[in-house]
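First the structure, in the form of structure tokens, and then the observations on it.
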């Protein structure tokens, strides 16, 4: 860490002490937020406030009940999967891959799925936040009208807000792989929640061959024609990591809360939530 970054971390720490309603934040987390905002202090403050929105009572359900041994999350992990292959691209970017584990739409709960995806991304960035960039791949193999019918406005809106505004991530690319014939209907639902910056880095792929043209084979699991290793290996490793971090996740759920009683302005609206 250079001296300028260290000084900026101290600036953020001092600012946090003036925001009595905000919880404490570690130097590592501050550094991750700074890095994601290319060391712009004011943007870092904004991103930090927005992330805490998801830990606040006003957004209960997004970052609450995060016990990975709970019936809800255990069931969710049997329906959707998320992995993080370790090999970076030549540019230094790393991948997150989301996919359906079953095509049985009756088991798909969009509230639980977006909660799990948000938790996974949050945990990923605690480890890989200080890299050059991040790529998210949504594998839609097996997605059909049954899952589309189960999408709901608020959890999807919250998820995309989280990814675009609150997550300390350098989003370089977003890919939809193995897109189904109903992709036009899926995008009709999703696009209102996506900013122009995200749409500009969005790519659609009907085949693995198309994906391999833009993502190196050594970064992709074997199932995509890559050479990084089997998907199940990465899934098992990450889920084991979630279990190992269970206590820390539950502790963060309790501690990373905005104390509304100490807020200078007591409103719950987004303007009040994010004002400086």
Legend entry - Single unsatisfied condition, residue 127 versus (1) within 21 Å of residue 243 (Cβ to Cβ); (2) surrounded by fewer than 19 Cβ atoms within 10 Å (Cβ to Cβ); (3) touching a residue at least 24 places away in the same chain (Cβ under 8 Å); (4) more than 12 Å from the chain's Cα centre (by Cα): (3)
Legend entry - Subset of the range 86-115 (residues that are surrounded by 18 or more Cβ atoms within 10 Å (Cβ to Cβ) and within 25 Å of residue 211 (Cα to Cα)): 88, 89, 93, 94, 95, 96, 97, 98, 99, 100, 113, 114
Legend entry - Number of positions in the range 221-276 that are more than 24 Å from residue 74 (Cβ to Cβ) and at pLDDT 95 or above: 7
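Conditions (1) in contact with a helix residue (DSSP H, G or I) (Cβ under 6 Å, 6 or more places away or on another chain); (2) assigned by the TED database to the domain that holds residue 180; (3) under 19 Å from residue 242 (Cβ atoms); (4) modelled with pLDDT under 95, marked per residue:
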site	(1), (2), (3), (4)
37	yes, no, no, no
48	yes, no, no, yes
52	no, no, no, yes
94	yes, yes, yes, no
118	yes, yes, yes, yes
135	no, yes, no, no
Legend entry - Unmet criterion (only one of (1) touching a residue at least 40 places away in the same chain (Cβ under 8 Å); (2) not in a helix (DSSP H, G or I)) for residue 179: (1)
Legend entry - Residue under evaluation residue 76, criteria (1) at pLDDT 90 or above; (2) more than 18 Å from residue 230 (Cα to Cα); (3) within 14 Å of the chain's Cα centre (by Cα), criterion not met: (3)
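The values are calculated or read from the model by the stated rules, or taken from the named source; none is laboratory data. Predicted, not measured: the structure shown is a model, and the values here were computed from it. Note that we place each Cβ from the backbone using ideal geometry, even for glycine, and neighbour counts take in every protein chain shown.
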